[in-house]
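Asker: Here it is: the structure, laid out below.
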Amino acid sequence: MKRYVIGDIHGAYKALIQCLQLSNFDYENDQLITLGDIVDGWSETLSCVKELKKIKNVIHIIGNHDIWFLEFLKTGIARSIWLNQGGEATFNDYQTNCEKILSHDELIRFFNYQHNFYIDEQNNL
């Protein structure tokens, strides 16, 4: 199993796909660690999440943008700090595509599953 690490996807679905394809990432056998901030910036957050859910061996570290989105999902409150720092694109994607791409509950489960940190079997943080 190969291990790959990616950070700051920020809703850039096409770039995510390109990275996975160019690295010959194997969805069944390789491991992917995301370093937070899957959301915000680009307009395809839900497609990114849907793609990441296809990966068998994945560890998600939560980022500040992910926390803001999860807060919105749980409360329905879109805080200005989130919207003004890239959250508007995610908010619009959610408003347009929630239930078409992923359900509200699927999104909450996905972001609740993220970790604050990860320590591998060799004690690497």
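Asker: Write out the GluC sites (Glu not before Pro) in the stretch 22-114 meeting two conditions: DSSP loop, and at most 16 other Cβ atoms within 10 Å of their Cβ. Each step should come with its number before you reach the end.
Answerer: Working: sites: 28, 44, 51, 71, 88, 99, 106; in loops: 28, 44, 99.
Passing sites in the stretch 22-114 are 28, 99.
Asker: So, one more: Under a Cβ-only charge scheme (Lys and Arg +1, Asp and Glu -1), can you give me the dipole magnitude of the stretch 1-123 about the Cα centre, in debye to the nearest 20? Present the calculation step by step, with values, prior to reporting the outcome.
Answerer: Working: 11 positive and 17 negative charges, 26 e Å.
In debye, rounded to 20, the stretch 1-123 gives about 120.
Asker: Can you tally the net charge around residue 64? Count Lys and Arg as +1, Asp and Glu as -1, for every other residue whose Cβ sits under 10 Å from the Cβ of residue 64. Let's see the in-between values first.
Answerer: Numbers: positive: none; negative: 37, 40, 66.
Local charge sum for residue 64: -3.
Asker: While we're here: With the full set of protein chains in place, find how many percent of the accessible area of the chain is carbon and sulfur; take the probe as 1.4 Å.
Answerer: Numbers: 3510 of 7050 Å².
Of the solvent-accessible surface of the chain, carbon and sulfur hold 50 percent.
Asker: Okay, moving on. Compute the accessible area per residue over the chain, keeping the other protein chains in place, probe 1.4 Å, unit Å². Intermediate results must be reported in sequence, preceding the final value.
Answerer: On the way: 7050 Å² over 125 residues.
Accessible area per residue: 56 Å².
Asker: Another question about this same structure. Defining a contact as two alpha carbons under 8 Å apart and six or more residues distant in sequence, what relative contact order in percent does the chain show? Let's see the in-between values first.
Answerer: Values: 202 pairs, mean separation 32.8, N = 125.
Relative contact order here is 26 percent.
Asker: Given H placed 1.01 Å from N in the peptide plane, which residues other than close sequence neighbours of residue 36 have an amide H under 5 Å from its amide H?
Answerer: Those lying under 5 Å, H to H, from residue 36 are 8, 61.
The values are calculated or read from the model by the stated rules, or taken from the named source; none is laboratory data. Keep in mind the model is a prediction, meaning the values are calculated, not measured. With ideal geometry, Cβ positions are generated from the backbone for all residues, glycine too; neighbour counts draw on all protein chains shown. The accessibility values were calculated without ligands, DNA or RNA, using every heavy atom of the protein model including side chains. Shrake-Rupley method; radii C 1.70, N 1.55, O 1.52, S 1.80 Å.
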